[in-house]
Every structure is written in structure tokens, then in C-alpha cells.
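The values are calculated or read from the model by the stated rules, or taken from the named source; none is laboratory data. Nothing here was measured: the structure is a model prediction, and the numbers come from that model. Here the Cβ positions follow ideal geometry from the backbone for every residue, glycine too, while neighbour counts run over all protein chains shown.
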Amino acid sequence: MRIKAVLAALILALIPATTPAVATAAANPYERGPAPTATSVEEARGTFAVTSAAVARQSNFGGGTVYTPTSDLTFGAVAVAPGFTSDQSSVAHFGPRLASFGFVVITINTLTLLDDPDSRGRQLLAALDYVVRTNPRADASRLAVMGHSMGGGGALRASASRPALQASIPMAPWHLTRNWSAVQVPTLVLGGQNDPTAPNSQHSTPFYNSITAAPDKAFLELRGGDHSDPRRDNVTVRKYSLSWLKRFVDDDLRYDQFLCPPPVPNTVISVYRDTCPHS
């Protein structure tokens, strides 16, 4: 009996030591979907079925489309803005794809096709506020912005205006402001090597260099890329935009492997600069 009592005491003593290990290994509560692979991050669709709903023109943004994963979970929300003279159709592919990986996404129309980047930034934030107010699946604490061209400039302005955002992805961004030292949001700048409309030397590169307050940032230059690559559902844009949103909106460390250590220049990436995400 005495031996049994000693063994029982030893077993009880071991339980507290093993419990924290189980808790530490528990899934991040914001993780959505299976563990990523090199193949999955480039695929056209994730594992969630998606519903879509049109949004009528509002007083503070031009309406758009909301894409929502069909699930009882809550999800981070992403607003995506088009560029100068474009409507949401130019960025529509981001909606169903990102939603299928576990985000509520709104692709927006702007109030006019000629709206400047700062106006587009305000409209991105208004669209996020609309989604949080009207969509019970959207988590108000986990929001991000994306945009192409002047919409990318808008993503920068939105980030500077609202530091509580979790992530920002300006794509081929265009803005006359060069200094974005006020941005505190983890920012992935995507540029094209041969962009004649927003040359990296005048836009993406100085934007990236000036972002000194963000905890993490990266600049990816698409080899041979022009201004319109993000409009074409580019596979490289798929991979890195998804990984950035997963890492910083969902705090999903499973996606660190695609961002840090950083990719080296290859057949699709001509330049990659970064600070590497801090896990």
C-alpha cells in the first residue's frame, strides 16, 4: 500500500508539469483552416465555403461586395480598394480567395473613379467600420487594409490614420507623399520591377524605407512585373498577401515559414527586403 501511495503521489506531482506543455501546444484561438503548405498558400481557394453579398453605395464609400466564410467562427476583416479610374472588379479576385482561407473581405467601389489616395484611405476605413457593424462574423479587433495603385496609397493613408489596424498591403502603391514614418501597422509593400505608372524608385521603395515605426515590414518586387500584376490574380501575390494577413491579423505563426527567413531573389521575385516577423 505504501508503494502504491508513493506512486500515486509521483503521478500527481507530474500532472502540473505536463499540463502547461499541453496548453502551450494548444491552437492559437485565431487560427483558421489547416496548417499551410507550400502548395496551399498558392492555391486559388482555401477550405472555407464562401457567401457573398452586394453592398449598396454608402455616404462614405461607394459600396462593394462582402465575402464571408460559411462558419460559426469569427474572422479578421480585410477591405480592398481599387486604383484610379477602376472599380471593385479590378480587385474582385481577392474577395472569394481570402474569404475561403478565413477572412471576411470587402472589395469596395470608391465614391468616384477619380478619388485621390487619401480619399480612398478614408473609404477603406469606412468600409471596415461598415463590415464590423453589419457582419456578425467580423472581429472588430482584427482588421486590415489592402489596395492597388491609388488604392495602395489609400492603404498607406488608412494605416497612418488608424494604427490599431493589424496589417496593411499596398500593391503597386501610388501617392505623392513619400514619408510614411507615422505608419505603425505591419506593412507589406508589393511592387513591380517594370512598373511605369508607379515606379518603385519613386513610390514603393521610398514608402518602404520611410516606414520606421512599424514592428514589421517587407518589400517584395515582382520580377518583370508591371503596374497591373496585382489585378491579374498573380500567384506570388497570392502567396505573400495571404501569409502576411495570416501572420499579422490571425497571429498565425504557422505562416512564418513563408516570410522568415525571407525569400531570396528567384525567377518571380527580383528584390525582397524585410525585417522578418517577430514570433
Members of the stretch 111-147 that are in contact with a helix residue (DSSP H, G or I) (Cβ under 9 Å, 6 or more places away or on another chain) and small (Gly, Ala, Ser): SER119, GLY121, ALA138, ALA140, ALA144, GLY147
Residues of the stretch 70-89 that turn out to be closer than 19 Å to ALA144 by Cβ and assigned to a helix (DSSP H, G or I), as a count: 1
Hits in the stretch 212-233 (condition: in contact with a helix residue (DSSP H, G or I) (Cβ under 6 Å, 6 or more places away or on another chain) and either under 15 Å from PRO163 (Cβ atoms) or not in a strand (DSSP E or B) (or both)): PRO230, ARG231
Tally of residues being in contact with a Ser or Thr (Cβ under 9 Å, 6 or more places away or on another chain) and of a type in the set (Val, Ile, Thr) across the stretch 191-246: 3
Given (1) at pLDDT 95 or above; (2) in a loop (DSSP other than H, G, I, E, B), index of the condition ASN28 fails: (1)
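Can you tell me which residues in the stretch 81-110 are out of contact with any strand residue (DSSP E or B) (no Cβ under 8 Å at 6 or more places or on another chain) and more than 27 Å from TYR30 (Cβ to Cβ)? Give the derivation first.
If we filter the stretch 81-110 for residues that are out of contact with any strand residue (DSSP E or B) (no Cβ under 8 Å at 6 or more places or on another chain), which is where we start, we get 84-85, 87, 89, 93, 97, 101.
Residues satisfying the conditions are PHE84, THR85, ASP87, SER89.
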Positions within the stretch 93-144 being of a type in the set (S, T, N, Q), surrounded by fewer than 19 Cβ atoms within 10 Å (Cβ to Cβ) and assigned to a strand (DSSP E or B), in sequence order: SER141
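Could we say that THR51 is surrounded by 20 or more Cβ atoms within 10 Å (Cβ to Cβ), in a strand (DSSP E or B), at pLDDT 95 or above and not small (Gly, Ala, Ser) here? So that I can check it myself, show each step before the final result.
Details: surrounded by 20 or more Cβ atoms within 10 Å (Cβ to Cβ): no; in a strand (DSSP E or B): yes; at pLDDT 95 or above: yes; not small (Gly, Ala, Ser): yes.
It is false that THR51 is surrounded by 20 or more Cβ atoms within 10 Å (Cβ to Cβ), in a strand (DSSP E or B), at pLDDT 95 or above and not small (Gly, Ala, Ser).
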One residue from ASN179, ASN209 being surrounded by fewer than 23 Cβ atoms within 10 Å (Cβ to Cβ), at negative phi, part of a loop (DSSP other than H, G, I, E, B) and not β-branched (Val, Ile, Thr): ASN179
Where PRO261 falls short, out of the listed (1) at pLDDT below 95; (2) not in a loop (DSSP other than H, G, I, E, B): (2)
Selection status of ARG45, part of a loop (DSSP other than H, G, I, E, B), touching a residue at least 24 places away in the same chain (Cβ under 8 Å) and under 27 Å from ASP252 (Cα atoms): yes
The stretch 184-199 - residue that is outside any strand (DSSP E or B) and free of Cβ contacts under 8 Å to residues at least 60 places away in the same chain and, of those, nearest to the chain's Cα centre (by Cα): VAL185
Qualifying residue in the stretch 147-168 (condition: in contact (Cβ under 8 Å) with a residue 40 or more places away in the chain, part of a loop (DSSP other than H, G, I, E, B) and in contact with an Asp or Glu (Cβ under 8 Å, 6 or more places away or on another chain)): no
